[in-house]
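K.L.:
Questions regarding the structure given below will be posed in turn.
Throughout, read-outs are computed from the coordinates displayed, never taken from laboratory work. Keep in mind that this is a model prediction, so the values were computed, not measured.
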């Protein structure tokens with residue numbers, strides 16, 4: 001199998017119109033298309049839905065389903081709240097700072113910046129409660145190569161011990177530069 005790219009990633013939403021307007025206003029995404037049916041094509045189940053698609057840049061598409069006949073949406077209670085999220089990359093630290101100002105102006109509850117050693121992050125939630133992450137890379141090519149080289153050994157150690165391997169502990173030993181954000 002040879003994959004070309006991810007065609008789209010789909011999540012559920014409470015209100016398709018509110019969701020599209022949020023992503024247009026806050027994330028500057030274009031509303032690409034909508035598909036609505038009264039019957040699910042793959043299962044033939046009679047279940048009306050609205051499926052909306054937003055342009056997340058560079059051929060990436062973020063989609064949402066509004067399902068009015070399904071029970072109210074909820075999250076996976078067996079997974080910590082911070083795990084499931086959608087992360088978007090920004091071009092520069094200037095864009096990162098502008099995004100923070102825009103999120104604050106929108107009145108959103110923002111966590112961050114959070115220093116991950118090779119990138120900085122901001123976290124907030126969309127109107128459906130989905131956690132969104134904005135990322136700006138701060139890593140060097142050498143750091144990425146070093147991480148790539150230790151990845152197999154880290155995974156192998158994790159699979160045996162279920163404890164965090166220390167191969168990349170240097171990521172969190174880097175001094176956080178508050179002037180960057």
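K.L.:
What fraction of the DSSP beta bridges in region 1-156 is antiparallel, stated in percent and rounded to the nearest 5?
P.N.:
Once the DSSP bridges in region 1-156 are tallied, antiparallel ones form about 70 percent.
K.L.:
Compute the long axis of helix 16-27 from its Cα atoms, compare it with the longest principal axis of the Cα atoms of the chain, and write down the angle in degrees, 0 to 90, nearest 10.
P.N.:
30
K.L.:
What percent do you get for the relative contact order of region 1-137 when only Cα pairs under 8 Å and 6+ apart count?
P.N.:
22
K.L.:
Could I ask something else about it? Report, in degrees rounded to the nearest 10, the 0 to 90 angle that the Cα long axis of helix 93-106 makes with the longest principal axis of the chain.
P.N.:
In the chain, helix 93-106 runs at an angle near 40 degrees to the longest axis.
K.L.:
Contact order normalised by length for region 9-66, with contacts defined as Cα pairs under 8 Å and 6 or more residues apart; what percent is it?
P.N.:
41
K.L.:
Also: Rank 116, 167, 51 by mean-square fluctuation in a GNM of the chain with C-alpha springs under 10 angstrom and give only the top-ranked residue.
P.N.:
Greatest mean-square fluctuation among the candidates belongs to 167.
K.L.:
Principal axis lengths of region 61-179 from Cα atoms, whole Å, largest first?
P.N.:
So the extents along the principal axes, rounded to whole Å, are 48, 39, 24.
K.L.:
Ok, one more. Between the helical axis of 141-161 and the dominant principal axis of the chain, each derived from Cα atoms, what acute angle in degrees is found, rounded to the nearest 10?
P.N.:
80
K.L.:
With N residues in region 10-127, what two-decimal value do you get for its Cα radius of gyration over 2.2 N^0.38 Å?
P.N.:
That works out to 1.21 for region 10-127.
K.L.:
Share of antiparallel DSSP beta bridges in region 1-86, in percent to the nearest 5?
P.N.:
Beta bridges within region 1-86, antiparallel portion: roughly 75 percent.
K.L.:
Gap in Å between the Cα centre of region 90-156 and the Cα centre of region 16-72?
P.N.:
Centre-to-centre (Cα) distance: 25 Å.
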